[in-house]
Amino acid sequence: MTSTQWAALSIILLLVGVALGYLFAPTTTVTVTQTKTVGQAGQAGTTTVTVTKTISPEGKKIKAAFIYVGPIGDIGWTYAHHQAKEMVDKKYDWLETTHVESVAPADAAGVIEQLISQGYDVIFTTSFDFMDPTLEEAKKHPDKIFWHCAGYKRAPNMGTYFADFYQIYYLNGLMAGALSKTKKIGYVAAHLIPEVVRHINAFALGVKEVCADCKVYVREIGAWYDPTKARQAAESLISEGVDVLAFTEDSPAVVQVAQEHYQKGERVLAFGHYSPMEKFGKDVCVSGQLVHWEKIYDDILSKIYAGSYSTDNLEDVDYWWKLKEGSVELGCTFNQPINPKFVNELKSVKVQETVQLPNGTILENPDVYTLVMARLIQMGAIWTGSKWIYANDETFDPFTGPIYDNNGNLKVLPGQRIGHDELWSMQWWVENVVGPPLGG
Amino acid sequence: MRIRAVRRLEVSKRNLVTVRILSVIVALLTASLVFLAYGLNPLEVYRSIFLNAFATEIGLTESVVRMIPLLLVSSGLALVFRTGFWNIGAEGQLLAGAMASYLLAVELPELSPLILLPALFAVGFVAGAIWGIPPAVLKAKLNVNEVISTLMLYYVLYWVFQHLIHGPWKAREKVGKLTYGGFAHTEVIPEHSQLPLLPGTRIHWPTLIIAVVASVLVYFLLTRTPWGYEMRVVGSNPDAAKAAGISYLKAVTLAMMVSGGLAGLAGVGELCGIQKRFTPEFLSGYGFSGIITAWLGGTNPISLIITNFLYGGLLVGGEYIMITYRLPIGVVDMFNGIILFFVLAGEFFIKYELRREK
Amino acid sequence: MMELKLIENILWIGMRSATPLLLASLGEIYAERSGILNLGVEGMMAMGALSSFVASLLTGNPWIGVLAGLLVGAALSLIHGIISIHLKGNQVVSGLALTMFGLGLSSVIGRIYIGNQLPVDARFLPVPFKPLSSIPLIGKVFFEQDPLFYMGIVLAVVLWFILNRTKIGIVIRSTGENPAAVDAMGISVPKVRYGATLLGGALAGLGGAYLSVSYNPAWIENITAGRGWIALALVIFALWDPIRALLGAYLFGIVEASGYTLQAIGYSQWLLNGLPYLLTIVILTVGATESMRRRMGAPAALGIPYEREER
């Protein structure tokens, strides 16, 4: 067969497919809630627009492509994005997806070109380093929709999204402060970029709330994924007297280290990161953070399908989703915010403060377990004991002043909150962090 | 009766081409097993790789984009390999060129591109050449194994580079009214320092022209100049070279300066033409792939250009099969590995012939 | 007391994480000593890690895992052997191809096992020998380790002995220096080189096995994360000598492990990461003076296919 014949055959098949799709496509009605986070200097405001649209039967198929920076098998960042993509792909029959893994930033633009030439009209780029190439391609292809994860540049046809963990790190900090006997808590960090710095700071604020004289010791390994280095850093922290570990790195190495120490009779506890890690440390994994990218992907793609996101209205669309949207979850494994092994111990530690819940209930000197549950409610995620319920309401934020940096300067005035934009450039340590110096 | 391998006195062009094609075919047949394991029709896969790497506009231009750095790196490597010197640190020389051009690009004011672009390429060449000299001198003076010294120098520079972009070179960036800082990347080089592109593509044509010219010049240098003659003698018969009073140091250092310099030019193209700023993942392995294409293509510019273009196409085709068949990246790596194994094996039949002996 | 414990732990962590480097470089030393340069260590390590992980997972016995790692590493090196020895192909390119192939294959097969973890009895754990393990400073370092750690030390000594004190060693070294002379003695150059290459592959596989069965007992893609290349640097750092490889590996590991303590007081971990490579170049340069040349052991025929002179 010549290539012309091949092409002809493909076109015929395509036409048959379209015809069949047309005949059998179901009629659906989708109610869409549009949330915009508009970046204004200093403060992140949220406007909500509700649009109801009836999707007509000829609703087109959406072809979405995902560009990953690492291999799918990293069990961390790329793995989580891929799982989410697969879930959304299965859920909607109007959606067709593909992916390209281990793409170097240098090749990202070329891969996007290939995807577009193959008819993909929504492109997700899932690494900070893809920011500039994504923007360039967005400008070059104004008729396609682009979404970039973890960056800060947008265009009329390019939005940004991120599932942020800082609230959960704060909650982990509360528990770490209660469980540490040595008053030394360790943190293994991949790279000290603003995202990780704010996570460490949120964690340290939680620690401080429960244990005023506890310190958080930070080690940077200089890689998003390197189990060998993560293990070295964790061991080195433990040898300096640390007995609770949190981390940002894509492998379960830190949890494994804690479990090994536990089996030797040394009590070292850990908090999981990114994917369920309970099986790597069933006796030591207290809680942790889990991600649900599928909530964000589902929302974005449904809105594109419904027509409320198009190529001219994404300039101000920045998903910065946290607990109340359900895009992140507290726990070392799904549907279990705190490992039951530690509940009693957490209930035995009281914190000297008053907490008011959104419904007016006042808690005087709650224990740490109750405090964690109360803070969850205040941040819009309610754990009923068997499932999560979300309220679109945030009455508490960990980054509320007064906050001092570790040189003793008052960084946040009492009662003030650090806004979205400052959190996105955060390059200083809160007072109880002992970490490497941070440059501009 | 037994079979004996006898070295061919002369390698015929026809034989070379036939063996190369045959080995690629055998390699493709072997790699078919991988695609069959995924329930795919290998013929269909190959057909679509080929069409999408070379027969569509995007495939074609992207293959050229990948070819540019590969051609520069491999032209230099092909030259230095002829002196019997194994430079496997071209990735480091590429990085040196890119880093030098970055320092110049962010400093220089808006000048005529006729001054600016040659200046960028010049510092890139010089930096790459400088990074290439020590292994040559170490080998000539102290007989230090160059495979290792070039690789080590790459690693040293790589970590210095990581230190710089995570520290001193880290830059804040203004977007609209806001300034973002703390991220591990450098400034974007100013627009006037960026290389012009062929409209609608990512082909930074100045580098493309330089690459093609360089591959011809290298051939000319090697075959038509006294320096090239010395390099060839040093490579093919070191003892004779010594007897003839040819300086090993001079020949190898010169070859390494050209090789490092051309890799440096590739770095300038990657920074000023493609990426425009440094990120931790700036390097994508052209310095290593160039070793393979240099070895396959040899010093003949036409053969080098074809080899590098095909290799660029292989990279683009690899992305294509990930997109279309959703195959894991590992399949692409295996595929490339298998092809190389068979081409390597095929070399034997180019250099040797099998004779039956009674 | 705190400082002592800290130093003890830096030594312990550093030497533990150095073991895969040591094992892989010991094998490569033999290959290179016989004249075969195999740049495919990273690929063989990755496949060794995967196969030993899978074998341990399926059988529940880490020793079977070790065996699988050895065999698979050797099998991969056979490809390099055939190309370099029989087909007299280019060893640099073949090694690079082997790395691509090994990493790719491990990623493809490994997809089935992503996130699986070895149960405790299917992996190696550091076991303290009491009371020796409580000797200050060195007790934990030498008496609280897993079997592969000790195997690394024993292998280094045994391989050093064989290489320098036995006839086999002389033959291997001569094959790398002057294959024609070995051939003239009636010893088959290809046989010696195949043997050394296979040993190199097996030990690279063992290094990988250490990563997945002892150090990080879970399957994660790209588990080697460039350690095969560090092992290649180590071979030179050690000047092709097994005992020096042992010391060099521990030095590399301890430099890396102490980085976490040093970064807390403001040292750049990036520059520290580059230090071992810089040291290697310095050693090469200093060690390469004429008087040292003879002791250095850089095989003269490294990377050069052996051709019998036509008579």
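Of the residues A:VAL188, A:VAL197, the single one that is open to solvent by less than 10 Å² (accessible area, probe 1.4 Å) and within 15 Å of the chain's Cα centre (by Cα) is A:VAL197. So, in the stretch B:1-58, how many residues would count as being of a type outside the set (Lys, Arg) and within 14 Å of chain A (Cβ to nearest Cβ)? Final tally of qualifying residues: 16. Under the condition of being more than 7 Å from every other protein chain (Cβ to nearest Cβ), open to solvent by 10 Å² or more (accessible area, probe 1.4 Å) and assigned to a helix (DSSP H, G or I), the residues counted in the stretch A:93-116 number 1. As for the stretch A:168-175, it holds no residue that is among the hydrophobic types (A, V, I, L, M, F, W, C) and farther than 30 Å from A:GLY241 by Cα.
The set of residues in the stretch C:172-185 being open to solvent by 20 Å² or more (accessible area, probe 1.4 Å) and without any contact (Cβ under 8 Å) to a residue 60 or more places away in the chain consists of C:SER174, C:ALA181, C:ALA184, C:MET185. Filtering the stretch A:281-311 to residues that are among the acidic types (Asp, Glu) and under 25 Å from A:TRP424 (Cα atoms) leaves A:GLU294, A:ASP298, A:ASP299.
The numbered conditions (1) more than 13 Å from the chain's Cα centre (by Cα); (2) within 14 Å of chain B (Cβ to nearest Cβ) are all true for C:GLY248 except (1).
The criterion of at least 2 residues that are loosely packed, with under 13 Cβ neighbours inside 10 Å is met by the following strands (runs of 3 or more DSSP E) wholly inside the stretch A:329-440: A:362-364. Hey, any hits in the stretch C:111-118 for a residue that's part of a loop (DSSP other than H, G, I, E, B), within 17 Å of C:GLY65 (Cβ to Cβ), within 14 Å of chain A (Cβ to nearest Cβ) and not small (Gly, Ala, Ser)? Yes; the residues of the stretch C:111-118 include at least one that is part of a loop (DSSP other than H, G, I, E, B), within 17 Å of C:GLY65 (Cβ to Cβ), within 14 Å of chain A (Cβ to nearest Cβ) and not small (Gly, Ala, Ser).
Filtered by the rule that a residue be more than 10 Å from every other protein chain (Cβ to nearest Cβ) and surrounded by fewer than 23 Cβ atoms within 10 Å (Cβ to Cβ), the stretch B:283-310 gives B:GLY298, B:THR299, B:ASN300, B:PRO301, B:ILE302, B:SER303, B:ILE305, B:ILE306, B:PHE309, B:LEU310. Considering each residue of the stretch B:341-351 in turn, none proves to be closer than 30 Å to B:GLU10 by Cα, crowded, with 22+ Cβ neighbours inside 10 Å and within 15 Å of the chain's Cα centre (by Cα). Exactly one condition in (1) touching a Ser or Thr at 6+ places or on another chain (Cβ under 6 Å); (2) more than 9 Å from chain C (Cβ to nearest Cβ); (3) free of Cβ contacts under 8 Å to residues at least 60 places away in the same chain is false for B:PHE342; which is it? Every condition holds for B:PHE342 apart from (3). Quick one: in the stretch B:148-181, of everything that is in contact with a Gly (Cβ under 7 Å, 6 or more places away or on another chain) and part of a loop (DSSP other than H, G, I, E, B), which residue is surrounded by the fewest Cβ atoms within 10 Å (Cβ to Cβ)? Restricting to residues being in contact with a Gly (Cβ under 7 Å, 6 or more places away or on another chain) and part of a loop (DSSP other than H, G, I, E, B), the top hit is B:ARG172. Do we have any residue at all in the stretch C:116-133 that's without any contact (Cβ under 8 Å) to a residue 60 or more places away in the chain and buried (at least 17 other Cβ atoms within 10 Å of the Cβ)? For the stretch C:116-133, residues without any contact (Cβ under 8 Å) to a residue 60 or more places away in the chain and buried (at least 17 other Cβ atoms within 10 Å of the Cβ): present. Considering the stretch A:219-267, the residues that are among the small types (Gly, Ala, Ser) and open to solvent by 10 Å² or more (accessible area, probe 1.4 Å) include one that is nearest to the other protein chains (Cβ to nearest Cβ), namely A:GLY222.
Let me spell it out: the conditions are (1) under 30 Å from A:GLU136 (Cα atoms); (2) within 14 Å of chain C (Cβ to nearest Cβ); (3) assigned to a helix (DSSP H, G or I); (4) modelled with pLDDT of 90 or more, and B:ALA263 meets all of them except one. Which number is the exception? Unmet for B:ALA263, out of (1) under 30 Å from A:GLU136 (Cα atoms); (2) within 14 Å of chain C (Cβ to nearest Cβ); (3) assigned to a helix (DSSP H, G or I); (4) modelled with pLDDT of 90 or more: (2).
Within the bounds of the stretch A:291-307, is there any residue that is open to solvent by less than 20 Å² (accessible area, probe 1.4 Å) and in a loop (DSSP other than H, G, I, E, B)? No; the residues of the stretch A:291-307 include none that is open to solvent by less than 20 Å² (accessible area, probe 1.4 Å) and in a loop (DSSP other than H, G, I, E, B). Cβ-Cβ below 9 Å, separation at least six or inter-chain, first residue in the stretch B:152-169 and farther than 25 Å from B:LYS139 by Cβ and more than 7 Å from chain C (Cβ to nearest Cβ), second of a type in the set (Asp, Glu) and surrounded by fewer than 19 Cβ atoms within 10 Å (Cβ to Cβ): which pairs? Going by the 9 Å Cβ cut-off, the qualifying pairs are B:TRP169/B:GLU187.
Just the residues that are part of a helix (DSSP H, G or I) and either within 12 Å of chain B (Cβ to nearest Cβ) or of a type in the set (D, E, K, R) (or both), please, taken from the stretch C:26-40. Selection gives C:GLU28, C:GLU32, C:ARG33. The residue that is most open to solvent (accessible area, probe 1.4 Å), among those in the stretch A:268-280 that are within 23 Å of A:TYR166 (Cβ to Cβ) and assigned to a loop (DSSP other than H, G, I, E, B), is A:PRO276.
Of all residues in the stretch B:59-89, those satisfying the criterion of being outside any loop (DSSP other than H, G, I, E, B), open to solvent by less than 10 Å² (accessible area, probe 1.4 Å) and in contact with a Ser or Thr (Cβ under 7 Å, 6 or more places away or on another chain) are B:ILE68, B:LEU70, B:LEU71, B:SER74, B:SER75, B:GLY76, B:LEU77, B:ALA78, B:LEU79, B:VAL80.
The values are calculated or read from the model by the stated rules, or taken from the named source; none is laboratory data. Owing to the predicted nature of the structure, the values given are computational and were not obtained by experimental measurement. So basically every Cβ, Gly included, is an ideal-geometry build from the backbone, and we count neighbours across all protein chains shown. Each accessible area value is taken on the protein alone, full model and side chains, heavy atoms only, with ligands, DNA and RNA left out. Shrake-Rupley method; radii C 1.70, N 1.55, O 1.52, S 1.80 Å.
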